[in-house]
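Inspection log for the structure reproduced underneath, given as structure tokens.
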Amino acid sequence: MKHLPPILVIDDNQHDRDLLSLVIKGAFGDVAIDMADDAASMTRALTDRPYGLVMTEFTLPWISGEQLMDLLREKLPEAAVVVITGGDDPGVASLALRFGADGFITKDPQGLSTVEEVVRTALYWSRRRRTKEDTTSRRIVDGLPVGVFVADDRGVILDANPSLATMLGYQRPADLAHRPIQHFLVDPAAVRGFEAAIATGSPVVELEVELHQRDGTSLWARLRMRPAPATKGMPARLNGLVEDISDYRRALGELDHRSHDLDQSAKDLEELAYVVSHDLQQPLDVLARALDQIDAENGAASPVSLSQARRGAAALERMLGSVLRLTRLERQDLDLGPVDLERVVERVLDLLEAEIEASAAAISIEALPTIVADEGQMEQLFQNLISNAIKYSGDVEPKIRISATESPQEWRLTVSDSGIGIDPAATDRVFKMFQRLHTQEEIPGSGIGLAVCRRIASRHGGRIWVESRPNDGSAFHITIPREESDQS
Ligand code: ADP
């Protein structure tokens, strides 16, 4: 680098001063370097010459680091300040940066080998500070509602606007200076993508990334960068825009969920159409045959024909009622809110009191969470599952257990029983509408309960399945995705 401005080195250690002077000359050739080694020589130097670069110890015997930084800003507002630290206390460097240093070097071989780069960056940073602070374009950039930054060619932020600081949870743009963009990327794969993109020097880099915020949370952002090659007096750098797309991502997720829901609705409708055309046919046939019979009996209906007609009509009524229940569930919007499942189950047990007493069912309830769900639908879900557990208990007294487990992504609710179990070949079929494994005479039912449960699970973005063996009980599991607001 040519034309390095006059440099002031402040250090009370003769050996360190000599070493630094050697390193600077090694990196930049013959430059003017003045030395200050005590309070008096420092005060003199600061009134003497307009240095463009100050390289200094942060903690000196005659002045604190904070006071030194204030003094340098006051006396040499245009100079770049690089702090030299012992290297054994990384806190000193970040403290110095916070008090306004433009860069730091550790006093070890590795640190000293970076002197050229650190000085170059510090000079760029200070030049920007003094030339751009008050220009119109700076004011426009500062007022933009998107994050704007300038980084060096390795991704270390040199300058940023207030929107970017706010977006990442910092008070001032200066708080972002010297931090590599990579530190803000949550996903290690995004770090690799970022580094690959800046290494190839592609003209425009666009990435959708999750960024760490200061308080430990994160946001989704679209990062657009354009590398600017080095020009005279300006090192190569990256100019970037950061746009908060968290709302957009959320909407996308919602859309995805809805389209899945619509797919499921379409499948359910198809199933409903099939059911209406096939399953309702059977009671209709019974009814039609009975009416034919009555016709043949010349209107003098026999008790047999009449009871057949009644049976057909009752079956039709029951099935149509079920179709209605399911379509009603379909039309209702989900009313999501916190739902205390323990209270829901208590209410269901109250409703089923008569069945529980009649069957002498033993029901154990483990700790259940409060989840975000539709309360009415949760009640219906547990009512269907618990009443089935009682109904399909066989000849023994039902033993029923209601429990929940959690993973970071979802809740799993389980209703298990000690009843007659289900043939493995039928474990999918039972969730379809009107699919029953028993005749009305054996065990009466509508064949709609589990279809309703499946729909409730899928409307909540979850699944339902059963683990069961004949004569060995059944366990019905439902998963419900967790929301951020869930509590256990
Ligand atoms: P329904 O009980 O009215 O027949 P469901 O849709 O609730 O309708 O259940 C469908 C079928 O699944 C039932 O007919 C029964 O054969 C089987 N089933 C449901 N729950 C259980 C259970 N807990 N144990 C054994 N079989 C069950």
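The values are calculated or read from the model by the stated rules, or taken from the named source; none is laboratory data. Since this is a predicted model, take the numbers as computed values, not measurements. All Cβ positions, glycine included, derive from the backbone under ideal geometry; neighbour counts span all protein chains shown. Protein only, heavy atoms only, side chains kept; ligands, DNA and RNA dropped before computing areas. Shrake-Rupley method; radii C 1.70, N 1.55, O 1.52, S 1.80 Å.
Backbone geometry of the range 470-483 corresponds, through the Karplus equation with coefficients 6.51, -1.76 and 1.60 at θ = phi - 60°, to 3J(HN,Hα) couplings of x, 6, 10, x, 9, 10, 8, 10, 10, 10, 10, x, 7, 9 Hz, x marking Gly and Pro. Between 0 and 90 degrees, the angle of helix 341-351 with respect to the longest Cα principal axis of the chain falls at about 10 degrees.
Spacing of the modelled spin labels on V146 and A288, each 7 Å from Cα toward Cβ, amounts to 6.6 nm. What percentage of the solvent-accessible surface of the range 7-130, computed with a 1.4 Å probe over protein heavy atoms, is contributed by carbon and sulfur atoms? Ligands and nucleic acids excluded, carbon and sulfur reach 50 percent. Panel note: the C-alpha atoms of the chain, placed on their principal axes, show extents of 126, 44, 34 Å (largest first).
Number of Lys-Lys pairs in the chain with C-alpha atoms under 26 Å apart and a separation of 8 or more places or on different chains: 15. Computed extension gain for A174 through W465, at 0.36 nm per residue and net of the alpha carbon distance, reaches 99.3 nm. Once the C-beta distance of H260 and A199 is scaled by a Förster radius of 56 Å, the resulting FRET efficiency is 0.90 to the nearest 0.05. Extension gain for A426 to E346 (0.36 nm times residue separation, less C-alpha to C-alpha distance): 25.7 nm. The mean of 1/r over all pairs of different alpha-carbon atoms in the range 73-117, once inverted, gives a Kirkwood hydrodynamic radius of 11.0 Å. The simple Förster model, with R0 at 25 Å and r as the Cβ-Cβ distance, assigns R139 and R224 a FRET efficiency of 0.70.
Near the amide H of V372, within less than 5 Å, lie the amide hydrogens of V339, E483, all on another chain or at least 5 residues away, with H placed in the peptide plane. With the simple spin-label model, which puts each label point 7 Å out from Cα in the Cβ direction, the D38 to E353 separation comes to 9.5 nm. Taking the 0 to 90 degree range and rounding to the nearest ten, how far is the long axis of helix 246-278 tilted relative to the main principal axis of the chain, both from C-alpha atoms? Tilt relative to the chain: about 10 degrees.
Taking every DSSP beta bridge that has both residues in the range 328-459, what percent is antiparallel when rounded to the nearest 5? Intermediate values should be presented prior to the final figure.
Working: 12 of 16 bridges.
Percent antiparallel among DSSP bridges in the range 328-459 is about 75.
Over the C-alpha trace of the range 320-437, radius of gyration and Dmax come out as 15.2, 41 angstrom.
Please find the FRET efficiency linking T405 to E74, where r is the Cβ-Cβ separation and R0 is fixed at 51 Å, and quote it to the nearest 0.05. Efficiency at R0 = 51 Å is approximately 0.20. Between Y274 and L252, the simple label model (points 7 Å from Cα in the Cβ direction) yields a spacing of 3.5 nm.
When you filter the GluC sites (Glu not before Pro) in the range 105-171 for DSSP loop state and at most 13 other Cβ atoms inside 10 Å of their Cβ, you are left with E133.
Accessible area, 1.4 Å probe, largest first: how do Y124, Y392, Y248 sort? Walk me through the numbers before you get to the answer.
Working: Y124 0, Y392 50, Y248 105 Å².
Reading off the accessible areas and sorting them downward yields Y248, Y392, Y124.
What the chain shows is 53 Å² of accessible area per residue, with the surface traced by a 1.4 Å probe over protein heavy atoms. For L19, the accessible surface of its heavy atoms amounts to roughly 60 Å² (probe 1.4 Å, protein chains only, rounded to the nearest 10). Would you mind checking the tilt of helix 14-28 against the longest principal axis of the Cα atoms of the chain, expressed as 0 to 90 degrees and rounded to 10? Between the helix axis and the principal axis of the chain, the angle is about 80 degrees. Under 5 Å between amide hydrogens, built in the peptide plane, is the criterion, and for R463 it picks out T479 among residues at least 5 positions away or on other chains. Mean residue ellipticity at 222 nm, helices only, the chain: -14500 deg cm²/dmol; runs of at least 4 DSSP H residues each add -39,500 (n - 2.57), and the sum is divided by the number of residues.
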